[in-house]
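Written below as structure tokens is the structure these notes are about.
The values are calculated or read from the model by the stated rules, or taken from the named source; none is laboratory data. Just so it is clear, the structure is predicted and the values come from calculations on it, not from any experiment. No Cβ is skipped: glycine too gets one built from the backbone with ideal geometry, and neighbour counts run over all protein chains shown. For the accessible areas, the whole protein counts, side chains as well, though only heavy atoms, and no ligand, DNA or RNA atoms are used. Shrake-Rupley method; radii C 1.70, N 1.55, O 1.52, S 1.80 Å.
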Amino acid sequence: MMAAARQRARPLNPLRILNLVLLVEMLVVRRAAAFSIQSFSIRRCAAARCVTFAPSSLRQSHLHRDQEKRQSARLFCSSSNSVTGIAYTAKHDDEDAPVVTLFTKEGCTLCDKVKDVLIDLQQSHPHSLQLQDITDDDATDWYAKYKYDIPVLHLNGKYWIKHRLTVEQAVRGLADGRIGKFTSPVGEPNASRLERT
């Protein structure tokens, strides 16, 4: 009697749950999208909190080919640690202050370095800093473009720079953004364009 009570009190095995979810997901995807699915690959997100289930080979019936490549279903995520939000804003009376958007994700150490450069310059070169997590459910377009290149920065809504930001680059960009002379440089990353070719 004691062994039976102990057995009922054990927590569920996460692998067993994953297998059940995979089975249900296969049935849902197969039925909803009319796919002929031969094999699947399982991969973890960078933070190792999410598991993604992706068909390895698909034969489409009614989906566009570009959409076919992006088909994957997030099964579960034990934590939703989105970093999207406003890091800080310029003073309310400073209407000319540029707005910097940092495209990032949780655990991105290069993004933290870029953010530190901007924070150090916030007093001398006022600006607002917004963070956009490319792994958010509503940021699939940003993820498709920038998944291999974060950190990516936009200044006043235009592409600015990727990977690293020096103090000199930041000062020059923020000054140009303040007076309205900022122009977007050539070389904005776009992983989805590269994957299509």
Residues (under 25 Å from D137 (Cβ atoms) and open to solvent by 20 Å² or more (accessible area, probe 1.4 Å)) located in segment 90-112: V99, T101, K105, E106, G107, T109, L110, D112
Per-region count, segment 95-112, residues more than 20 Å from T183 (Cα to Cα) and part of a strand (DSSP E or B): 1
Check on L102, within 17 Å of the chain's Cα centre (by Cα) and at pLDDT below 95: no
